[in-house]
Amino acid sequence: MSNKRALVTGGCGFIGSHVVRELVAHDYIVDVVDDMSNGSLDSLSGLNFRACPADLLPDFELKHPESDRKIGSVLVVEGDFSHREILERSKEGRYDVIFHLAAMPRVGFTVEHPFESNDLNVTRTLALLDVIRGGSTKFVFSSSSAIYGDVEQLPTTEFSPSNPQSPYGLQKRMIEDYLTLFGRLYQQKSVCLRYFNVYGPGQDGKSPYSTAVAAWCTALKDGRPLRSDGDGYQTRDLVYVGDVARANRLAAETQHDLRGHAFNVGSGKSYANVEILDMLKDRFPNL
């Protein structure tokens, strides 16, 4: 890719911030858009970034022209990814690739609020897709293993049946279907990355929605007892966030003609909670 210009939606979140760091390390110029509902500027500490509210973006660019941008620089636009300024920049073809990570990721919330979550995860995502259709911008979509639902085939492959058990899983599958359709209708280049259970530095471990690994690591740091999830024998495919970030970059840089093709991003191995707890006890004998 000769002109490495990228937009990362949700780039101040857990996974998104790691994607930003991966891109900066490989000489991209990066725009981030994040409404800060699940993100923080602290996640980008150490990077060369400026921040600007979406409504003030035109004024900001008068003082800081695009021509002055350096390789590895980051502009954080604070606002919704479907804001008119973001849609206009995308429509103009400013980006070689859009990494779409912004979403309402909480399964329980989507069950309680299917309409509200659909607006963000489907309708506004479609607005972003609509402005780039027919252009050269590649779209790397953060999908989820939730599209599979309850599966019997382990390890789960990309050819396993899709049977979402939540609005969240269904909403992810709907965008995957749109990308496949856009590939046929408009020759839109896109890749769908189906994340399994992502863990790593910067993950929120204090929320009721936190994964077990994040909650346990945070409890260890704070000197609190570790919570119990079920009987401990439920298994999950765990994947390190750095590997997820690298998968995003490689999906953008591939020379293959991908149009809505989907790939699992996981380790291919399942771990039970009791196995993880045993690892932690080996590392921290006083647990």
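The values are calculated or read from the model by the stated rules, or taken from the named source; none is laboratory data. Keep in mind that this is a model prediction, so the values were computed, not measured. All Cβ positions, even for glycine, are placed from backbone atoms using ideal geometry, and neighbour counts span all protein chains on display. Just so you know, the surface numbers come from the protein's heavy atoms only, side chains and all, with ligands and any DNA or RNA stripped out. Shrake-Rupley method; radii C 1.70, N 1.55, O 1.52, S 1.80 Å.
If you count only protein heavy atoms and use a 1.4 Å probe, how large is the accessible surface of residue 157, to the nearest 10 Å²?
Number for this one is 40 Å².
Pop out the carbon and sulfur fraction of the accessible area of region 28-92 as a percent, whole number, probe 1.4 Å.
50 percent
Going by alpha carbons, how many degrees (0 to 90, nearest 10) lie between the helix axis of 212-222 and the longest principal axis of the chain?
80 degrees
Would you mind telling me the antiparallel percentage of the DSSP bridges in the chain, rounded to 5?
5 percent
Using only protein heavy atoms and a 1.4 Å probe, report how much of residue 70 is accessible, in Å² to the nearest 10.
140 Å²
With a 1.4 Å probe and every protein chain left in place, tell me how much accessible area residue 88 has, in Å² to the nearest 10.
90 Å²
May I ask you to derive the relative contact order of region 171-248, considering only C-alpha pairs under 8 Å and at least 6 residues apart, and to give it as an integer percent?
30 percent
Can you count the Lys pairs in the chain whose Cα atoms are under 26 Å apart, with each pair 8 or more apart or on different chains?
20
If the chain between residue 181 and residue 48 were fully stretched, how many nm would it gain, using 0.36 nm times the residue separation less the Cα-Cα distance?
44.1 nm
Relative contact order for the chain using alpha-carbon pairs under 8 Å, separation at least 6, rounded to a whole percent?
RCO, the chain: 18 percent.
Determine the per residue accessible area of the chain with all protein chains present and a 1.4 angstrom probe, expressed in square angstrom.
Accessible area per residue, the chain: 51 Å².
Using unit Cβ charges (K, R positive; D, E negative) and no other charged atoms, how large, in debye to the nearest 20, is the dipole of region 111-249 about its Cα centre?
For region 111-249, the charge dipole is close to 580 debye.
Using the Cα centre of the chain as origin and beta-carbon charges of +1 (Lys, Arg) and -1 (Asp, Glu), tell me which of 140, 175, 113 is placed farthest towards the positive end of the dipole.
Checked the options; the winner is 140.
Using a 7 Å offset from the Cα along the Cα-to-Cβ direction at both residue 274 and residue 206, what is the distance between the two label points in nm, to one decimal?
Here the modelled spin labels are 3.3 nm apart.
Relative to the first principal axis of the alpha-carbon coordinates of the chain, what is the inclination of helix 241-253, with its axis defined by its Cα atoms, in degrees from 0 to 90 and to the nearest 10?
Once rounded, one gets 30 degrees.
Convert each backbone phi in region 45-51 into a coupling constant with the Karplus relation 6.51 cos²θ - 1.76 cosθ + 1.60 (shift: θ = phi - 60°), then list the ³J(HN,Hα) values in order as whole Hz, x for Gly and Pro.
4, x, 8, 8, 9, 10, 10
What percentage of the solvent-accessible surface of region 167-275, computed with a 1.4 Å probe over protein heavy atoms, is contributed by carbon and sulfur atoms?
Of all accessible area on region 167-275, carbon and sulfur atoms account for 52 percent.
Classify region 87-169 from the C-alpha gyration tensor, please: rounded if a/c falls under 1.5, else prolate or oblate depending on whether a/b exceeds b/c.
oblate
Grab the beta carbon distance between residue 159 and residue 255, set R0 = 25 Å, and tell me the FRET efficiency rounded to 0.05.
The pair residue 159/residue 255 has a calculated efficiency of 0.55.
Calculate, for residue 111 and residue 40, the FRET efficiency according to 1/(1 + (r/R0)^6) with r their C-beta to C-beta distance and R0 22 Å; round to the nearest 0.05.
The computed FRET efficiency comes out at 0.25.
Could you work out how much longer the chain between residue 130 and residue 281 gets when fully extended? Use 0.36 nm per residue separation minus the Cα distance between them, nm to one decimal.
Stretched fully, the residue 130-residue 281 segment lengthens by 49.3 nm.
Can you grab the distance from the C-alpha centre of region 71-103 to the C-alpha centre of region 241-275, Å, no decimals?
22 Å
Counting helices only, and only those DSSP H runs with n ≥ 4, report the 222 nm mean residue ellipticity of the chain as the sum of -39,500 (n - 2.57) divided by its residues, in deg cm²/dmol to the nearest 500.
-10500 deg cm²/dmol
Using alpha-carbon pairs under 8 Å, 6+ residues apart, how would you state the relative contact order of region 1-131 in percent?
After rounding, I find 30 percent.
Would you mind calculating the gained length between residue 27 and residue 63 on full extension (0.36 nm times residue separation, minus the Cα-Cα distance), in nm to one decimal?
10.6 nm
Which residue fluctuates most in the GNM of the chain (Cα springs below 10 Å): 82, 17, 143?
82
Any idea what the dipole of region 45-155 comes to, in debye rounded to 20, about its Cα centre with Lys/Arg Cβ at +1 and Asp/Glu Cβ at -1?
That gives region 45-155 a dipole magnitude of about 420 debye.
Using alpha carbons only, how many degrees (0 to 90, rounded to 10) separate the axis of helix 273-283 from the longest principal axis of the chain?
90 degrees
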